[in-house]
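The values are calculated or read from the model by the stated rules, or taken from the named source; none is laboratory data. Keep in mind the model is a prediction, meaning the values are calculated, not measured. Positions of Cβ are generated from backbone atoms using ideal geometry, with glycine treated the same way; all protein chains shown enter the neighbour counts.
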Amino acid sequence: MKKILITGAFGQIGSELKDYLRSIYGVSQVISSNYEMMVDNGPFELIDVTNYHQIEAAVIKHQVDTIIHLAALLSAVGEETPTLAWKINMDGLFNVLEVARKYKCQVFHPSSIGAFGPSTTKNNVPQVTIQRPTTIYGVSKVSGELLCDYYVKRFNVDVRGVRFPGLISYQMLPGGGTTDYAVDIFYEALKHQSYTCYLSEDTQLDMMYMPDALKAIVDLMEAPFDKLHHHNAYNVSAMSITPKELAQAIQEILPDFTIRYDIDPVRQSIADSWPNSIDSSDAKKDWNFEPHYDLQAMTKDMLEKLRKKGIQ
Ligand code: SER
């Protein structure tokens, strides 16, 4: 990775990843992009990922050798606008892969626990398993995994990726996901000492703290190509938790915090279609994935960082 273009650079992952990459590779080496004009502290390009020519022009202009493709619609918002979700998630990925093929770029593409469905086994889901998702987000993610594998095999494009769990972070709010509760809860705990959760107390899902997600992206992208048995869609998770367990971890630090439940049927049914836990052992074997933050360490750090941001 020498000259890196990030699509969706102002979303939950991109906002932190661009600064993280700039701290490693240099500010001028990381080009952020977004479909609307943004002010950034480094090079920026206006890119709508559904427009092949805009991606190509940025790659030529900056002599990009790596594309980190984060622009996508998440699961809950995807169900409100399935046509748009397909267009952004699939056309966007296809355009990125085509540009990467033509200009010999390495690509990172995140898949998700949303690429699994109700017929996938529930616990400790293996790397290779049944994938019949029931959301448009999941359908686009599993199709994307296959398309990425195809570009590796057919065109030798170095495409890599992980299946991210719900990501918990303090800089930028997630937008329209099913796992967003695990971020919202921290803001509400500090602001109002209470949170109303849209998932039931025992809905178990995989999660990871953002610093571990950022390190995973770099570690995977820097791993020797021939060590990777899968290239794409590596299962990665740091914790498998329920809203009740997350609330208890917060209560250990904020004893007055209370949680109540008001179930949103759409997001609950999406969450119910996803696994309780996934098995990250292939990522551990192939490129030494090792998350640092468990539930307690993440909770402590989230509350400290949000307080520093002035959330109270
Ligand atoms: N966090 C995502 C969502 O909830 C899953 O990858 O949509």
Can you name the residue in region 127-143 that is in a loop (DSSP other than H, G, I, E, B) and within 12 Å of the ligand (Cβ to nearest atom) and is also nearest to N232 (Cα to Cα) among such residues? P133
Looking only at residues in region 248-280 that are more than 16 Å from the ligand (Cβ to nearest atom) and buried (at least 19 other Cβ atoms within 10 Å of the Cβ), which one is farthest from the chain's Cα centre (by Cα)? F257
Hits in region 100-115 (condition: within 16 Å of the ligand (Cβ to nearest atom) and assigned to a loop (DSSP other than H, G, I, E, B)): H109, P110
Across region 144-178, what is the number of residues that are touching a helix residue (DSSP H, G or I) at 6+ places or on another chain (Cβ under 8 Å) and part of a loop (DSSP other than H, G, I, E, B)? 14
Go through region 184-199 residue by residue and tally those that are within 23 Å of the chain's Cα centre (by Cα) and either surrounded by fewer than 15 Cβ atoms within 10 Å (Cβ to Cβ) or touching a residue at least 24 places away in the same chain (Cβ under 8 Å) (or both). 6
Answer yes or no: is there a residue in region 95-102 that is of a type outside the set (K, R), out of contact with any Phe, Trp or Tyr (no Cβ under 9 Å at 6 or more places or on another chain) and surrounded by fewer than 18 Cβ atoms within 10 Å (Cβ to Cβ). no
When region 40-68 is examined, which residues are found to be closer than 24 Å to A85 by Cα and of a type in the set (D, E, K, R)? E45, D48, E56
Condition check for D91: within 21 Å of Y137 (Cα to Cα), more than 16 Å from the ligand (Cβ to nearest atom), acidic (D, E) and modelled with pLDDT of 95 or more: yes
Scan (1) surrounded by fewer than 21 Cβ atoms within 10 Å (Cβ to Cβ); (2) in a strand (DSSP E or B) for the single condition K215 breaks and write down its number. (2)
Return a yes/no flag: does region 256-269 have any residue that is at pLDDT 95 or above, part of a strand (DSSP E or B) and among the basic types (K, R). yes
Residue tally, condition over 20 Å from Y234 (Cβ atoms), within 13 Å of the ligand (Cβ to nearest atom) and not charged (D, E, K, R), over region 178-204: 7
Quick test for you: out of L84, L93, L97, pick the one residue that is free of Cβ contacts under 8 Å to residues at least 12 places away in the same chain and either of a type in the set (S, T, N, Q) or assigned to a helix (DSSP H, G or I) (or both). L84
Of K87, K2, which residue is over 16 Å from the mean Cα position of the chain (by Cα), more than 30 Å from T178 (Cα to Cα) and basic (K, R)? K2
Regarding region 95-111, can at least one residue be identified that is modelled with pLDDT of 95 or more and more than 25 Å from Y25 (Cβ to Cβ)? no
Looking at Q251 and the list (1) free of Cβ contacts under 8 Å to residues at least 12 places away in the same chain; (2) within 12 Å of P165 (Cβ to Cβ); (3) of a type in the set (S, T, N, Q), which single condition is not satisfied? (2)
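Yes/no matrix, rows are residues, columns are (1) within 19 Å of P82 (Cα to Cα); (2) among the charged types (D, E, K, R); (3) away from the ligand (no atom under 16 Å from the Cβ):
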site	(1), (2), (3)
V125	no, no, no
E145	yes, yes, no
R163	no, yes, no
I168	no, no, no
L173	no, no, no
Give region 52-72 a look and list any residue that's over 23 Å from the mean Cα position of the chain (by Cα) and outside any helix (DSSP H, G or I), or say none. Q63
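Yes or no, residue by residue, for (1) hydrophobic (A, V, I, L, M, F, W, C); (2) more than 12 Å from the chain's Cα centre (by Cα); (3) within 19 Å of P291 (Cβ to Cβ); (4) modelled with pLDDT of 95 or more:
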site: G176; (1), (2), (3), (4): no, yes, no, no
site: T179; (1), (2), (3), (4): no, no, yes, yes
site: T203; (1), (2), (3), (4): no, yes, no, yes
site: M207; (1), (2), (3), (4): yes, no, yes, yes
site: M221; (1), (2), (3), (4): yes, yes, yes, yes
